[in-house]
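Structure first, then comments.
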Amino acid sequence: MSAHLRKRSLILSGHDTSVALEPEFWQVLEDMARAHNQPLPVLVAQLDTERRPIQSLASFLRVQALLWLQKQSTPQTPASSV
């Protein structure tokens with residue numbers, strides 16, 4: 001993973017904020033947004049509503065990106081037909 005961070009400015013709950021993440025995490029978040037057919041700022045705002053106040057936004061986004069990747073790599077069990 002690269003050592004440099006990319007900072008992006010977003011508006012969350014009506015407040016300007018900036019988040020610095022490694023480019024690889026931004027790429028996964030962009031993939032997540034694309035998979036949900038929504039712009040990246042909308043996805044981040046939605047995820048932010050699930051974050052505990054004591055957890056940093058950057059840390060939370062990294063964990064969400066990791067969880068999403070894990071879910072993508074887990075084989076989905078087809079629904080059984082009855």
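Under a Cβ-Cβ cut-off of 12 Å, what is the net charge of the residues other than A58 that fall near it, where Lys and Arg count +1 and Asp and Glu count -1? Could the numbers behind the result be given before it?
Numbers: positive: R6, K7, R8, R51, R62; negative: E22, D48.
With Lys, Arg at +1 and Asp, Glu at -1, the net is +3.
Report which label in (1) 7.1; (2) 5.2; (3) 6.6 holds the value of mean projected area of the Cα convex hull in nm² derived from the coordinates of this structure.
(1)
Rounded to the nearest 20 debye, what is the charge dipole size of the chain about its Cα centre when +1 sits on each Lys and Arg Cβ and -1 on each Asp and Glu Cβ?
Details: 8 positive and 7 negative charges, 17 e Å.
Computed charge dipole of the chain: roughly 80 debye.
FYI, it's all coordinate maths here, none of it is from the lab. Only a predicted model underlies this, so the values are computations on that prediction, with no experimental measurement involved. Please note: Cβ atoms are built from the backbone with ideal geometry, for glycine as well, and neighbour counts cover all protein chains shown.
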